[in-house]
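K.L.:
A single structure is presented below for examination.
Only the coordinates and a few stated rules stand behind these numbers; no lab work does. Everything numeric in this text was worked out from a predicted model, so none of it was measured.
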Amino acid sequence: MSSAPSGLDVKEYGYCLLRYAIADGVEHTIRAFNKWNVTRIQFFCPDPLPAGGCYIITGAGVGGASGTGQVFLEAGGCVTLEPNGAFRGDLIVFGEDALLIVEAWFQATPDGTTPDVEITP
């Protein structure tokens, strides 16, 4: 598990793990509407390399994010990004049969619900 809130804030946060397998060869946008504090992003590319390649974009100007980071992966490659709660924005992923894993903390609610995560192709 990656970095977590500490001290007095511990009881005010919940943990979520998003595991998403990309079944087709189109871009997918993953949004939590700035309600998550992403601590770790892992992205795995299959071997052989799918048609069109395999990449992940953080920020990309979507959802009000200001920064853009794009990582292209080789066949069988993987990348781990650890913003340690500093990233709250959207992700864009591409690559048929690729796998995305996101670990995040979110502000706890009285009813215990997790934030809505929207995935759109």
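K.L.:
What ³J(HN,Hα) values, in whole Hz, does the Karplus curve 6.51 cos²θ - 1.76 cosθ + 1.60 give for region 39-44 when θ = phi - 60°, with x put for Gly and Pro?
P.N.:
9, 8, 10, 10, 9, 10
K.L.:
For THR114 and TYR13, calculate 0.36 nm times their separation in residues minus their Cα-Cα distance, and state this gained length in nm to one decimal.
P.N.:
Difference between extended and current length: 35.4 nm.
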